[in-house]
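What follows is one structure encoded as structure tokens, with my remarks underneath.
Laboratory data are not the source of any read-out in this text; all were calculated from the coordinates shown. These numbers were taken from a predicted model, which means no experiment stands behind them. Ideal geometry is used to build each Cβ from the backbone, glycine not excepted, and the neighbour counts take in all protein chains shown.
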Amino acid sequence: MQYYHGSPIAGIKTLTPTPSKVLYLTNNRAYALFYIRDLDVNWGTCGVDADGVVAYDERFPGQLRALYAGRCGWLYACEEDGSFVPGNSPWIVISNLVVPVASAVFIPDVYGEILREVAAGTVRVKRYEDKTRAETQDIFEMMVHYIFKNRLLGAQTPKARFIEQNFPEAWRYAAQNEARAAEYIAQWEKEHLSAK
């Protein structure tokens, strides 16, 4: 069986786990496309449903286009070599070893390729504009927590700039309430993580 690894980096001959981490591969080609993304921002909000269809969930208006329009990259394919371990879903395997690349395909327009997968029914997109008021409020609260938890206010990183630009209301709220960050984090985690 072939497994895929999406990357914006060209010319990879072997896929290597990063230090203290593992290498993730997927048997779902459409899912691998979503990993051809800005590695400094590294923003992903998708998974694979039980039917094998990629479920992409926009967290801000136009997210899919914003992240993938104008982006190109590579889909690397690897053959199962007996060292892969099942991941947390039937669509993911992991490896602690270096994995040789069997083939590579250049994707000149990742956004266009994802839209072709949407048309083929292998990807479903839940647009931000279709969310309920309760869902958008949940996203707002989650992003305030994310900003506080990751200490993004004042950080001069691509990720901080991405969050500030695409979640301006959450960013503004966090900036105005920075003094109560610890209280907000504790309350959000009590409400959202304690039941898990």
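Mind checking which pairs have a first residue in segment 82-99 that is crowded, with 18+ Cβ neighbours inside 10 Å and a second that is of a type in the set (Gly, Ala, Ser) and outside any loop (DSSP other than H, G, I, E, B), Cβ under 9 Å, 6 or more apart or different chains?
So the pair list comes out as Phe84/Ser95; Trp91/Gly47.
Can you confirm whether segment 156-166 contains a residue that is out of contact with any Pro (no Cβ under 9 Å at 6 or more places or on another chain) and farther than 21 Å from Asp38 by Cα?
At the first step, the residues of segment 156-166 found to be out of contact with any Pro (no Cβ under 9 Å at 6 or more places or on another chain) are 156-165.
Next cut, farther than 21 Å from Asp38 by Cα only: none.
No, segment 156-166 contains no residue that is out of contact with any Pro (no Cβ under 9 Å at 6 or more places or on another chain) and farther than 21 Å from Asp38 by Cα.
Specify the residue that is farthest from Tyr128 (Cα to Cα); the eligible residues are those in segment 38-66 that are without any contact (Cβ under 8 Å) to a residue 60 or more places away in the chain and within 11 Å of the chain's Cα centre (by Cα).
That would be Leu39.
Residue by residue, here is whether (1) closer than 30 Å to Glu141 by Cα; (2) out of contact with any Phe, Trp or Tyr (no Cβ under 8 Å at 6 or more places or on another chain); (3) of a type in the set (Phe, Trp, Tyr) holds:
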| position | (1), (2), (3) |
| --- | --- |
| Leu23 | no, yes, no |
| Ala32 | yes, no, no |
| Arg37 | yes, no, no |
| Asp57 | yes, yes, no |
